[in-house]
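So the structure is just underneath, and the comments pick up after that.
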Amino acid sequence: MFSIFWALQIIFAKLGFNAGAHVLPFLLVSTIIAFSVLLVWIFPRVKNQFHRLYAEKNPLFWKLYLANGIQAGFGTCFALVGIALTDAINAGFLVKLTTVTTIIFAWLILKERMSLLKVIIVFMMLFGAYLLTTQAQMLIPQTGDLFILGACVCWSLGTVLVRMFLKDRPIEADVVTFQKPLASVPVILGLAGISIVFSSFLGDLNQVFDCCQLPSNQAVYTVLNGFCMAMAWIYIYRTLKVSTASYMTMMSMVTPVIVTVLAVVFLDESLIGIQVVGAGMIILSGIIVYFSDIAYA
């Protein structure tokens, strides 16, 4: 489910930027929508545990807040800037480098096993994603690619830290999920300050405060992106609660396959043989991961 909503989120973000949306209002409104979804969907069930975790001045609350700020705040910000500045092909492949960075952080911080099988599967998945998204053509680096690589590092580090803090603790994953939009606030405020200098790209503060007056085509993509963002947040932490960080990120490699299928169905894009081979490599790798012991290693 995480892979499905992440794929939809990528598509809606790119469609929104193609329609003329600026990064800052798009990020702000998406975050508000995501927070609203979490407020209705999960907060009534976890509000007592969330309040208790904060009221008891437990340092765990602020450790999770920091991890969420890195993962949801900086990661989402860098990703949206990168998607706006680079080609969709580059973005579709580069976001999956999260698999490599997550496994490295999980090995260094969580002491998860770095087996030969895991290394082989990672390279097989990445090569399949490369074939699927680029049609075996050379990637041309762009400025946005650096932001996406930064997002990969933030996503991975934040994810691994959350896994470390949640492991063997009786805390529901949805409690941590509800914290994500709140931890994004300082980053968004910082981005709002930067927008004073880079208003032509990020969008000025007047655009942000007039966010409810976005053109209808931009508003639709922003709302859909926010909903998918919330659902992706929910399922990523529910998965982390019951599996290793390595397993979660490797199974999420199915995301480019889903993106490609959606593009073929709804955007009238076509596939060539080499892309089918790439998709097959990703699916085969996912099957191997599912039936192996990587989820518990």
Checklist entry - When averaged across all projection directions, what area in nm² does the alpha-carbon convex hull of segment 4-71 cover? => result 5.9
Checklist outcome for this item: Most packed first (mean Cβ within 10 Å per residue), the peptides 163-171, 61-69, 229-237 order as 229-237, 61-69, 163-171
Checklist outcome for this item: Between ASN48 and ASN18, the two model label points (7 Å from Cα along the beta-carbon direction) sit apart by a distance in nm of 4.8
Item to check | Extension gain from VAL185 to ARG113, taking 0.36 nm per residue of separation minus the Cα-Cα distance | outcome: 22.4 nm
Checklist entry - Are any of the pairs LYS63/LYS111; LYS14/LYS63; LYS14/LYS167; LYS47/LYS180 more than 26 Å apart by Cα-Cα distance, and if so, which? => result LYS14/LYS63; LYS14/LYS167
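Values quoted throughout were computed directly from the atomic coordinates according to the rules given, and no laboratory measurement underlies them. Just so we're clear, the structure is a prediction, and the values are computed from it rather than from any experiment. Backbone-built Cβ (ideal geometry, glycine too); neighbour counts: all protein chains shown.
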